[in-house]
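Visitor: Once you've had a glance at the structure underneath, I'll fire off some questions.
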Amino acid sequence: MKNLIYFWKRFLLPHLSLFVLVLCTGMIAAAASGAGVPFMVKYVFPVVFRGEAGDTPELLSLIPALQSLSADSLLLLACASMPAIFLVRGVAMWGNAVMVNILGIRILETLRMQVFCRVQELPIAFMESRRKGDIMSRILADTGSVQGILTTVSNDLIKQPITAACAIGAFIYLLVSSGQGVLFLVNLVFIGIAACPIYEFGKRISQKAQRAQQGLGELNTAVQQNLENQREVRAYAMEEREIQEFRKVSWRLRTNIVKLVKYQKALVPVMEIVTALALSFLLVRGRMCGLTLTDFMAIAAALFFTFDSMKRAGTAWNRFNEAQGALKRLAEVMLEPNTIPESENPKTFGGPVKGEIRFRKVSFGYDPEKLVLRDVDLTIPPGQIVGLVGPSGSGKTTFASLIPRFYEATKGAVEVDGIDVRELRTHELRENLSLVGQQALLFAGTIRENIRLGRMAASDEEIMAAADSAAVTKFLSSQPQGIDTELGQGGAGLSGGQRQRVAIARAFVKDAPILILDEATASLDAESEREIQEELDKLAQGRTTLIVAHRFSTIRNAQRILVFDYGRIVGDGTHEELYASCPLYKELYDRQGID
Ligand code: ADP
């Protein structure tokens, strides 16, 4: 229910006028079907077939003006009323269906946009705790499923109950006016019986649908993982294993969908059996009580519309329950608390950033119970080049990740230029920081566009200068369109070293006072590493630089080295100092034996 209110406020309210139109047209169509047809049978048919009983038809007593019309005109009018009712019903249904679809499409767009925007602002930890394929499935498949449901919900969940209400109203009126109160009570029992499967199936459908949507997410993840790792799949001959894995996930999805379909499709036959029972009962009872054919027909029409609209409303309710599964998964994204919130009164640097970094007794754990950084307390003055070394898993990357506030310190504070990063506008903090990681992340687009991502306002001259500094220009001549060569997704078309140079050029363009190099050359061969090291050294000049090092050659220019061990800093000094005083550093250095 909470989800429903949330989605109503967030998605339906902005389209209120369209929603009201949908309601109105739905009501007109509902009234024309639920009450229009039975009343026509009751009042208009006797005008046409008058004379059997010799009475004046009721319609003529109700509207005396009609009595002055000739028999032919009355016949014409009576005959015209049938298409007239169906014309009103048809136009209203058409308008209703079109507007419901427009509403659905608009809602889907808003929904997709909002989920996507939400994903952009959620902490990195959220992304890491979920699989990419699953998040994709939520953005695309779940929103699509919700749209389908909202369309049905707004259409049938509103129109059909109104039709049922009008039909029941007509039914009561017709029974009471022909003295058949008992029939009404008996049919109330049938209506009650018909409502039970709607409720029961609805509950089950919601559970099964959530499982099916989840299965779709798993399928997405499997496909995405497989496509992203095609090289590994082939290199390790994992094709058969991947196929088996995909078959398993696909089979699970199929089983869940079959279970869902069984319940979805059960409602209509159950409802039809109840309708047939109610109509037979009406037939027997009508015969016993001597109902006239007109009365019987009118009551049967009202009864038919009651059950028919209940059946349709029930089917819509099932669809709605199916959407509940997708809604729950979307709500998880939309209602996920932002563990890295913006400060309410953010501070600003108020001028050029010097780049001083301070860790005040910082402890941090991805899981608060399991700290991976403990009591880190140090200051890095502006412009200092600092190397971070230590065994794998000792916390170097984590330490560097706290500066852009990818994660929040569990205890203590991280400061840049004396301001706690939690109090700074995250955007401003990150504008003053460049990050070059192990894998250069390039986007589909030209090399120029990829460099410009560092600073969108950069001029072409600045981009060329950055490309020059990062030695991108060296390999541009081998590219078909130079700097305007289109790259594939992830920078396909360039070698690892070339991609890394584009990423370095991006950092040059950004010209941020703080630079984090996280094993920036780790994935390169020795020769590319040596070449790129020069560009990185140039980039580090004049900036506060943190170099997460896997090889000692990458920190040859570091003025200071921090040695990490089990989340603590066990050594802090120059190479010479540490080699003499820090056993871990000496061991690591000797083992690598570089330089
Ligand atoms: P290093 O960079 O020194 O190799 P990391 O900072 O990457 O070490 O990792 C420190 C510890 O934190 C390791 O035990 C690692 O398993 C854990 N860790 C790193 N990243 C995550 C993450 N995203 N979620 C949970 N644990 C993580």
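The values are calculated or read from the model by the stated rules, or taken from the named source; none is laboratory data. All values derive from a computational prediction rather than experimental measurement. So basically every Cβ, Gly included, is an ideal-geometry build from the backbone, and we count neighbours across all protein chains shown. To get the accessible areas, we keep the full protein, side chains included, count just its heavy atoms, and leave off ligands, DNA and RNA. Shrake-Rupley method; radii C 1.70, N 1.55, O 1.52, S 1.80 Å.
Visitor: Take the solvent-accessible surface of the protein heavy atoms, probe 1.4 Å, and return the percent of it on the chain that carbon and sulfur atoms account for.
Guide: 59
Visitor: Just for the Cα atoms in region 2-334, what are the lengths along the principal axes, largest first, rounded to whole Å?
Guide: 93, 40, 33
Visitor: Starting from the exponent 0.38 and prefactor 2.2 Å, build the expected Rg for the chain from its residue count and divide its actual Cα Rg by it.
Guide: 1.45
Visitor: Under a plain spin-label model, where a point goes 7 Å from the Cα along Cα-to-Cβ, how far apart in nm are Q207 and A526?
Guide: It works out to 6.3 nm between the two label points.
Visitor: If one takes the longest principal axis of the Cα atoms in the chain, at what angle in degrees, from 0 to 90 and to the nearest 10, does the Cα axis of helix 239-289 lie?
Guide: The angle comes out at about 20 degrees.
Visitor: While we're on this one: Taking 7 Å along the Cα-to-C-beta vector as the label spot, tell me the R254-A276 distance in nanometres, rounded to one decimal.
Guide: For the pair R254/A276, the computed spacing is 3.3 nm.
Visitor: Okay, helix-only estimate at 222 nm for the chain: each DSSP H run of n ≥ 4 adds -39500 (n - 2.57), divide by all residues, round to 500 deg cm²/dmol; what do you get?
Guide: Computed ellipticity for the chain at 222 nm equals -19500 deg cm²/dmol.
Visitor: Give me the net charge of R112's neighbourhood, meaning all other residues with Cβ under 12 Å from the Cβ of R112; Lys, Arg count +1, Asp, Glu -1.
Guide: +1
Visitor: Set Lys and Arg Cβ to +1 and Asp and Glu Cβ to -1, take the dipole of the chain about its Cα centre, and tell me which of A409, V386, M310 lies farthest positive.
Guide: The Cα lying farthest towards the positive end belongs to M310.
Visitor: If R₀ is 25 angstrom, what is the calculated FRET efficiency for the pair E121 and K9, using the beta carbon separation as r and rounding to 0.05?
Guide: Values: r = 20 Å, r/R0 = 0.78.
FRET efficiency, E121 to K9: 0.80.
Visitor: Rounded to the nearest 20 Debye, what is the dipole magnitude of region 245-284 about its Cα centre when Lys and Arg each give +1 and Asp and Glu each give -1 at the C-beta?
Guide: 420
Visitor: Consider a paramagnetic label point 7 Å from the Cα of E239 along Cα→Cβ; state which residues of region 207-230 have an amide N under 17 Å from it.
Guide: 226-230
Visitor: Okay, moving on. Under unit Cβ charges (Lys, Arg +1; Asp, Glu -1), what dipole magnitude, rounded to 20 debye, does the chain have relative to its Cα centre?
Guide: With only Lys, Arg, Asp and Glu charged at Cβ, the dipole is about 2060 debye.
Visitor: Which lysines, on any chain, are close to K474 with Cα under 23 Å apart, when same-chain ones fewer than 8 places away are left out?
Guide: K510, K538
Visitor: Now a separate question. Given R₀ = 51 Å, what would the calculated FRET efficiency be for V176 paired with E332, taking r from the Cβ atoms and rounding to 0.05?
Guide: Efficiency for this residue pair is about 0.50.
Visitor: Would you be so kind as to identify which of F86, S250, P14 lies farthest towards the positive end of the dipole of the chain, taking Lys and Arg as +1 and Asp and Glu as -1 on Cβ and the Cα centre as origin?
Guide: Result: F86.
Visitor: Please list, ordered by chain and number, the residues whose modelled amide H lies under 5 Å from the amide H of T446; skip anything fewer than 5 residues away on the same chain.
Guide: L487
Visitor: List, largest first, the extents of the alpha carbons of region 504-589 along their principal axes, each in whole Å.
Guide: 39, 28, 23
Visitor: Here is a further query. Any idea what Rg and Dmax come out to for region 233-322 if you just take the C-alpha atoms, in Å?
Guide: Using the Cα atoms of region 233-322, the pair Rg, Dmax is 24.4, 84 Å.
Visitor: Using the Cα centre of region 442-511 as origin and beta-carbon charges of +1 (Lys, Arg) and -1 (Asp, Glu), tell me which of A467, S478, G490 is placed farthest towards the positive end of the dipole.
Guide: Towards the positive end, the residue furthest out is G490.
Visitor: Further, regarding this structure: Might you report the magnitude of the Cβ-based charge dipole of region 442-511 about its Cα centre, with Lys and Arg at +1 and Asp and Glu at -1, to the nearest 20 debye?
Guide: Its charge dipole is roughly 260 debye.
Visitor: Give the percent of DSSP beta bridges with both residues in the chain that are antiparallel, rounded to the nearest 5.
Guide: 55
Visitor: Taking the Cβ-Cβ separation of F475 and I105 as r and a Förster radius of 35 Å, what is the calculated FRET efficiency to the nearest 0.05?
Guide: 0.15
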